[in-house]
Amino acid sequence: MSAVAISTNSDHYDVIIVGAGPAGCSCAMALKNSGLRIAIIDKHQFPRDKVCGDAIPGRAIKFLHEIDPHFAARLAAFTEKLPTRSTVCYYNNKKLDFTWTLEAYTVTREHFDNFLFAHLKTSKDTDTLEGIAISDIVRSENGYSVIAKDSNKRYDCTMVIGADGINGVTAKKLTARHMDRKHHVAGVRAYYSGVTGMEDTCTEVYFDRKYLPGYFWVFPIKGGMVNAGMGILSDIVVRNKINVKNAFYDFIERSAVLKEKFKNSKHIGTLQGCGLPMGSRWVEMSGDHFLLVGDAASLIDPVSGDGIGNAVLSGKLAAEQVKQCFASNNFSAAFIKNYDRVLYKRAGAEMRRKTKVLKTMARMPFLFEAAFIVGQNRVIKKFMK
């Protein structure tokens, strides 16, 4: 497939991907050998930290294998990861165990995102531009101009892919979306050493009636550390005037299991906050000459809290749509809307079903407890995954 040449400017690209997290990197990986001139731009220099639970779910790994047949060999050589084989959930003195069949890991986002991005740096198909913050994205006759904040330099493209997350510039500039607290989670995360009773291959999730439908996680990280965090619906935070950082420590105190585990632990760094856009509503994610992927498209699973699985899936599907656009020389919103339809079928419909059940359980906590009682049921376990 040949690219549509519309400019002799050396800074013109067929595709510009804004954001080099898992969604952006997956999209660039999936566009390899497409014949298109691609740039991926990120405001950070890599490696860089990202506030997250650091769990890389099986769906993400599965999609990465589908994108790149050589991914398995690189992943095998990547030494910063711990395999995840099971998850234990706790609620009101009840325990629910999950065993995972798909290949999954825990690894800090600093290491995992750099692992993905570093591979792109060796690719002849993609220009990797680090340390460039984007201040604006403006419509041009044949696509968009992406404008660098500090230098005011313009990067022109036929298609722009927004992969810069919930606080990035693309969703704000390309859509009329506003944050809805009913579909947004306020989260905090901290690293600890010396947390006892942990297994390297087992992640732990805790629920407390006081904070439903939010939850607390403790995930093992290489080097004897854990990633501990908590997420609460922003709507509940505002309505109940909750200080999420205080709630984090309160959650530990309220749980006999957590209190014992953290008794002799040491806090590493600071407790950091983040915003998590839930896929509990379907938002505008495409238009003339543009697509949004990952957190920029609000694709975090409302039950598991996993954003990386749908980030990689959306990057893969976006790349497929981009190829169709150039093959047909059609960049209209109507044509690109097929991306939304396919993504909804692959992920959105399931998230919508989960949201309805989760809201019902949050209003009636006894149903949540009942889910733990009958949780060995295969159907219940599939829902909670």
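Bear in mind that the values in this text are calculations on the coordinates, not laboratory data. No experiment lies behind these values; they were computed from the predicted model shown. As a convention, Cβ positions derive from the backbone with ideal geometry for all residues, glycine included, and neighbour counts pool all protein chains shown.
Enumerate the calculated ³J(HN,Hα) couplings along region 56-65 in order (Karplus 6.51 cos²θ - 1.76 cosθ + 1.60, θ = phi - 60°), each rounded to whole Hz, writing x wherever the residue is Gly or Pro.
Here the 3J(HN,Hα) series is 9, x, x, 4, 5, 5, 4, 5, 5, 4 Hz.
Which of the trypsin sites (Lys or Arg not before Pro) across region 172-259 are loop residues per DSSP, with 10 or fewer other Cβ within 10 Å?
LYS241
How large is the helix-only mean residue ellipticity at 222 nm for the chain, computed as the sum of -39500 (n - 2.57) over DSSP H runs with n ≥ 4, divided by its residue count, in deg cm²/dmol to the nearest 500?
Per the formula, -10000 deg cm²/dmol.
So for the chain, taking the charge dipole from beta-carbon charges (+1 Lys/Arg, -1 Asp/Glu), which of PHE262, PHE326, THR355 sits furthest toward the positive end?
Going by the charge dipole, the pick is THR355.
Between LYS32 and LYS149, with labels modelled 7 Å along Cα→Cβ, what's the label distance in nm to one decimal, could you check?
3.1 nm
So what is the relative contact order of region 109-263, in percent, for Cα pairs below 8 Å that sit 6 or more residues apart?
15 percent
Relative to the longest principal axis of the chain, what angle (0 to 90°, nearest 10) does the C-alpha long axis of helix 308-328 take?
Tilt of helix 308-328: around 20 degrees.
Pulled fully out, how much extra length does the chain show between LYS210 and ASN330, if you take 0.36 nm times their separation in residues and subtract their Cα-Cα distance?
Taking LYS210 through ASN330 to full extension adds about 38.1 nm, to one decimal.
Relative contact order (percent) for the chain, with alpha-carbon contacts under 8 angstrom and 6 or more residues of separation?
Relative CO of the chain lands at 21 percent.
Residue farthest toward the positive end of the dipole of the chain, with Cβ of Lys/Arg at +1 and Asp/Glu at -1: which of HIS183, LEU82, THR108?
HIS183
Please give me, ordered by residue number, the GluC sites (Glu not before Pro) of region 192-287 that lie in loop per DSSP and have at most 13 other Cβ atoms within 10 Å.
Answer by residue number: GLU199.
Ordered by residue, what ³J(HN,Hα) values in Hz, to whole numbers, does region 175-191 give under the Karplus form 6.51 cos²θ - 1.76 cosθ + 1.60, where θ = phi - 60° and Gly and Pro are x?
For region 175-191, the Karplus-derived couplings read 10, 9, 6, 10, 5, 10, 4, 6, 10, 9, 10, 8, x, 9, 8, 9, 9 Hz, x marking Gly and Pro.
Relative contact order of region 193-329: what whole-number percent is it, with Cα pairs under 8 angstrom and at least 6 residues apart?
Across region 193-329, relative contact order equals 17 percent.
Over 29 Å apart: what share of the alpha carbon pairs of region 79-229 falls there, rounded to a whole percent?
42 percent
Hey, any idea what the orientation-averaged projected area of the convex hull of region 1-154's Cα atoms comes to, in nm²?
One quarter of the hull surface, i.e. the mean projection, equals 11.9 nm².
Could you state the angle between the C-alpha long axis of helix 349-363 and the longest principal axis of the C-alpha atoms of the chain, as a value from 0 to 90 degrees rounded to the nearest 10?
With rounding to tens, the tilt is 30 degrees.
Let me spell out the model: positive unit charges on the Cβ of Lys and Arg, negative unit charges on the Cβ of Asp and Glu, origin at the Cα centre of the chain. What dipole size does that give, in debye rounded to 20?
The dipole magnitude comes to about 1340 debye.
Treating only the Cβ atoms of Lys and Arg (+1) and Asp and Glu (-1) as charged, compute the dipole magnitude of region 1-129 about its Cα centre; round to the nearest 20 debye.
About 340 debye.
Can you give me the angle between helix 244-254 and the longest principal axis of the chain, using Cα atoms only, in degrees from 0 to 90, rounded to the nearest 10?
30 degrees
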